[in-house]
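Q: The structure's right below; bear with me while I get my questions together.
Coordinate-derived values only; no laboratory data. For clarity, every value in this text was computed on a predicted model and none was experimentally measured. Please note: Cβ atoms are built from the backbone with ideal geometry, for glycine as well, and neighbour counts cover all protein chains shown.
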Amino acid sequence: MAEITLKAQKRETYKELTLNQLREKGIIPGIYYGHGVDNISIATTEINLRPVIYTSESRIINLKFDDNSSYNCILKDVQFHPVSDKPLHFDLIAIKEGEKITIEVSVHITGNAPGIKEGGVLQHNLHKLEIECLPSNIPSHIDVDVSELNINDSIKVSDLKVENITILNDENASVVAVVPPTIEKEPTPEDSSDEPAEPEVISKTKKDEESEEE
């Protein structure tokens with residue numbers, strides 16, 4: 001699995017600033033935590049954080065501080081602003097060799113499904129899978145080959161076999177499927193609105209007839 005270095009500072013470096021003031025300066029607050037380790041409030045620049053959060057690949061993060069101390073971890077969560085979509089806070093969870101962790105990894109579709117040539121539509125239902133494994137076995141992503149899928153065929157979680165990991169999603173959940181094309185229903189003669197409207201018949205009353213005679 002690929003590794004990436006994230007340079008950060010301990011939050012005490014910015015103790016005179018509030019969280020909003022940090023964000024205004026382009027510095028994003030975060031936290032490092034895990035089983036059997038002390039929580040560390042941290043902060044890093046948005047530029048440093050971008051390669052960590054804007055990727056579909058799972059990576060081990062080498063969290064490095066100014067005092068040259070470093071910790072291995074993975075990205076657990078990122079909170080984004082609901083309007084600007086800028087990162088507001090991030091969580092890093094510590095990893096230890098020999099201790100299993102739970103993490104989400106992306107699903108990559110490979111191959112060409114014969115059902116698409118027949119007019120079917122490929123539906124990618126699960127873009128990420130939740131897995132449990134040792135840190136050394138974390139895959140950067142999981143490949144799902146659709147080369148054998150015809151129309152009405154699908155690949156479920158139970159069909160996936162990946163060494164050294166346990167997939168925690170519902171085994172009956174569909175990861176990807178080829179579904180029949182949507183056919184628009186032709187309008188029936190009864191539904192047609194092109195038929196000419198019946199002419200309106202206006203009956204004259206006796207008073208109308210007397211008015212015309214006058």
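Q: Multiplying the sequence separation of Lys128 and Lys7 by 0.36 nm and subtracting their Cα-Cα distance, what value in nm do you get? Before the final figure, lay out the partial values.
A: On the way: separation 121, 0.36 × 121 = 43.56 nm, distance 2.71 nm.
Extra length from Lys128 to Lys7 when fully extended: 40.9 nm.
Q: Can you tell me the length gained on complete extension of the stretch Phe80 to Tyr54, counting 0.36 nm per residue apart and subtracting the Cα distance?
A: On the way: separation 26, 0.36 × 26 = 9.36 nm, distance 1.19 nm.
Stretched fully, the Phe80-Tyr54 segment lengthens by 8.2 nm.
Q: Related question: Quick query: amide H of His108 versus all other amide H atoms, modeled in the peptide plane; which residues come in under 5 Å with a sequence gap of 5 or more or a different chain?
A: Distant-sequence amide H within range of His108: Ile142, Asp143, Val144.
Q: Between Glu16 and Asn137, how high is the FRET efficiency from 1/(1 + (r/R0)^6) when r is the Cβ-Cβ distance and R₀ = 35 Å? Nearest 0.05. Please report the intermediate quantities before stating the final value.
A: Numbers: r = 43 Å, r/R0 = 1.23.
Efficiency, from the Cβ-Cβ distance: 0.20.
Q: Let me know the shape class of segment 102-179, please: from the alpha-carbon gyration tensor, a ≥ b ≥ c as square roots of the eigenvalues, rounded when a/c is under 1.5, otherwise prolate if a/b is greater than b/c, or oblate. Before the final figure, lay out each step's value.
A: Details: a/c = 2.72, a/b = 2.19, b/c = 1.24.
The shape class here is prolate.
Q: Can you flag which of Lys96/Lys161; Lys15/Lys128; Lys7/Lys86 are past 29 Å Cα-Cα?
A: Values: Lys96/Lys161 25 Å; Lys15/Lys128 37 Å; Lys7/Lys86 19 Å.
Check vs 29 Å cut-off fails for Lys15/Lys128.
Q: Would you pull out the residues with amide H under 5 Å of Ile42's amide H, same chain only if 5 or more places away, H placed 1.01 Å from N?
A: Amide H neighbours of Ile42, under 5 Å, 5+ apart: Arg11, Gly30, Ile31, Tyr32.
Q: When His108, His81 are ordered from fewest to most other Cβ atoms inside 10 Å of their Cβ, what list results?
A: Details: His108 14, His81 10.
The most exposed by this proxy come first: His81, His108.
Q: Using only helices, what value at 222 nm comes out for the chain when you add -39,500 (n - 2.57) per DSSP H run of length 4 or more and divide by the total residues, to the nearest 500 deg cm²/dmol? Don't skip to the end; give the middle numbers.
A: Numbers: 4 runs with 26 residues, N = 214.
For the chain, the value works out to -3000 deg cm²/dmol.
Q: If you add up the charges near Asn68, with Lys and Arg at +1 and Asp and Glu at -1, over every other residue whose beta carbon is less than 14 angstrom from its beta carbon, what do you get? Spell out each step's value before the answer.
A: Values: positive: Lys7, Lys10, Lys64; negative: Asp66, Asp67.
Around Asn68, the surrounding residues sum to +1.
Q: So if R0 is 25 Å, what FRET efficiency would Asp91 and Glu171 give, r being the distance between their Cβ atoms, rounded to the nearest 0.05?
A: Working: r = 28 Å, r/R0 = 1.13.
That gives a FRET efficiency of 0.30.
Q: A further question on this structure: To make sure I understand, if each residue's beta carbon is the centre and we count other beta carbons within 10 Å, what order do Ser58, Ser140 fall in, fewest to most?
A: Details: Ser58 20, Ser140 15.
Result, fewest neighbours first: Ser140, Ser58.
Q: Just the projected area, averaged over all directions, of the convex hull on the alpha carbon atoms of the chain: how many nm²?
A: On the way: hull surface 104.2 nm².
That works out to 26.0 nm², a quarter of the Cα hull's surface.
Q: Given segment 3-96, report the % of alpha carbon pairs whose separation exceeds 18 Å.
A: Values: 1771 of 4371 pairs.
Tail of P(r) above 18 Å: 41 percent of Cα pairs.
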